[in-house]
1. Anything in the range 332-343 that is within 23 Å of E277 (Cα to Cα) and surrounded by 15 or more Cβ atoms within 10 Å (Cβ to Cβ)? List them, or say none.
2. Which members of the range 23-47 meet the condition of being open to solvent by less than 20 Å² (accessible area, probe 1.4 Å) and within 25 Å of P201 (Cα to Cα)?
3. Looking at L217, L158, which is the one that is more than 22 Å from D128 (Cα to Cα) and touching a residue at least 12 places away in the same chain (Cβ under 8 Å)?
4. Looking at G378, is it farther than 18 Å from P294 by Cβ, modelled with pLDDT under 90 and of a type in the set (G, A, S)?
5. If I filter the range 1-13 down to residues being more than 16 Å from the ligand (Cβ to nearest atom) and free of Cβ contacts under 8 Å to residues at least 60 places away in the same chain, which single residue comes out as most open to solvent (accessible area, probe 1.4 Å)?
6. Scanning for something under 25 Å from P37 (Cα atoms) and surrounded by 16 or more Cβ atoms within 10 Å (Cβ to Cβ), does the range 163-178 turn up at least one residue?
7. Which condition does P112 not pass, out of (1) modelled with pLDDT under 95; (2) out of contact with any Leu (no Cβ under 9 Å at 6 or more places or on another chain); (3) part of a loop (DSSP other than H, G, I, E, B), if it passes all the others?
8. Looking at R92 and the list (1) away from the ligand (no atom under 16 Å from the Cβ); (2) at pLDDT below 90, which single condition is not satisfied?
Amino acid sequence: MLGVTLSQLLGQPEVSAFLKGVVSGGRFANAYLFHGPAGVGKCTAALAFARALLCERGAGATALAPDVFAAAGETAAGESAAAQAGAAPVARRDDACGACAACAKSGSLQHPDLKLLFPVSGEEKNLDETVAETLAALRADPLFVFSYEKAASIRLSLTRELLRELAFKPFEAARRVVVVRDADRMREDQYSALLKSIEEPGASTVWILTTARLARLPATIRSRCQRVRFAPLGEPAVRAFLMERAEVAEPDARMLAALASGSLARALALRDAAPRELRDQSLALLEPALRGDPAALWRAIQGFTRYGRAGRESLRLLVEFHLLWLRDLLRARYDAPREALVHRDREKEIRRQAALTDASEIRRRVMVLEEVLRAIEGNVTPELALFSGLARVAGQRLGEGEWPRPATARWDY
Ligand SMILES: [Zn+2]
């Protein structure tokens, strides 16, 4: 995540081209808003953009002649340097060089003019320690994935401290860059302060906000930022990354990439989960349902959710394995080649089932499971949603009398 340049961004060619254009053009908005699905590289791109803005052989050079079209209020350093440089044209790079002192510092998040804010949870008295630990992990692990609790937020004390600092000139570069990760996790008064800073004319700070939940940001913030939209990553890009950079074996990489729905962060977070084993356990849950044995299905689900796997995330994963299986069935139904299958280690089984199952039946099952996913996200007891879903996938509509006790009257699909 650190030390990446715009040229190295994974699977976002449009974003990469746009940001390089901004860097080479030399005209910067006061604030950018990177939005799009979680885990597709928005923060990595924000840090790469920041590096390009700080690189002393490029946009960050204080000796760089200011663009004549640039907004009024360039820094004094820029103006005097321009006077020294005279009218000689300066070739602008469109990315961080990766080799200068500024790039070395920004690549390890140690550039004094680069700030990164991110959501934190826990007690205020441990705040410094929590932030320091996260930064240390981020520096140590090139595949670091941010994860935080639901209540994690961008802490008020940290934004206050930052805003105080912004009153002073940048230390080394022509401007300061502040990256705010998951900027939707702030309080109302923080947004007001942020807005004031963004709107300040001639500010020497470039803000880069990222969010996977655009609608949660106040309209006032959204409207004052230059927006940059990120797309989900393609499966081949995620798969290749997992194999080349994370040393994941091909069959696992293929499955993780398919499961990740375009999110590299999700694929990375799942990579220690022994995906094929988990897949087999998940798919085996359908067997009692196919036998028409609701009590055994209920026991199997409870067995699965024991041992710390009761969380919504693991149940979601379980359903997603079934969805991937159905996707393979549908593909096999239409004679897709082996390469198009995710579960190709179980190809025979897939072909056999596909030959016996109508496409419309496969789609019905997909719809049932998608409903289960929504229920798991919602307020329903996940085990019950799963029980009902798998029973319906197997073609059972269990009567009231057959429901296991805890489910009675609480869940009638
Ligand atoms: Zn550089």
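1. A332, L341, V342, H343
2. Passing the criteria: V23, G26, A31, Y32, L33, F34, A46, L47.
3. Only one candidate qualifies: L217.
4. Details: farther than 18 Å from P294 by Cβ: yes; modelled with pLDDT under 90: yes; of a type in the set (G, A, S): yes.
In short, yes.
5. Let us first name the residues in the range 1-13 that are more than 16 Å from the ligand (Cβ to nearest atom), namely 1, 9-13.
This time we only want the ones that are free of Cβ contacts under 8 Å to residues at least 60 places away in the same chain, so: 9, 13.
On the way: L9: 27, P13: 99 Å².
Checked the range 1-13; the qualifying residue most open to solvent (accessible area, probe 1.4 Å) is P13.
6. Filtering the range 163-178 down to residues under 25 Å from P37 (Cα atoms) leaves 177-178.
Retained after the next criterion (residues that are surrounded by 16 or more Cβ atoms within 10 Å (Cβ to Cβ)): 177-178.
Checking the range 163-178: at least one residue is under 25 Å from P37 (Cα atoms) and surrounded by 16 or more Cβ atoms within 10 Å (Cβ to Cβ).
7. Of (1) modelled with pLDDT under 95; (2) out of contact with any Leu (no Cβ under 9 Å at 6 or more places or on another chain); (3) part of a loop (DSSP other than H, G, I, E, B), only one is false for P112: (1).
8. (1)
The values are calculated or read from the model by the stated rules, or taken from the named source; none is laboratory data. Quick caveat, the model's predicted, so the values are computed rather than measured. So basically every Cβ, Gly included, is an ideal-geometry build from the backbone, and we count neighbours across all protein chains shown. We work out accessible area using only protein heavy atoms, side chains counted, and drop any ligands, DNA or RNA first. Shrake-Rupley method; radii C 1.70, N 1.55, O 1.52, S 1.80 Å.
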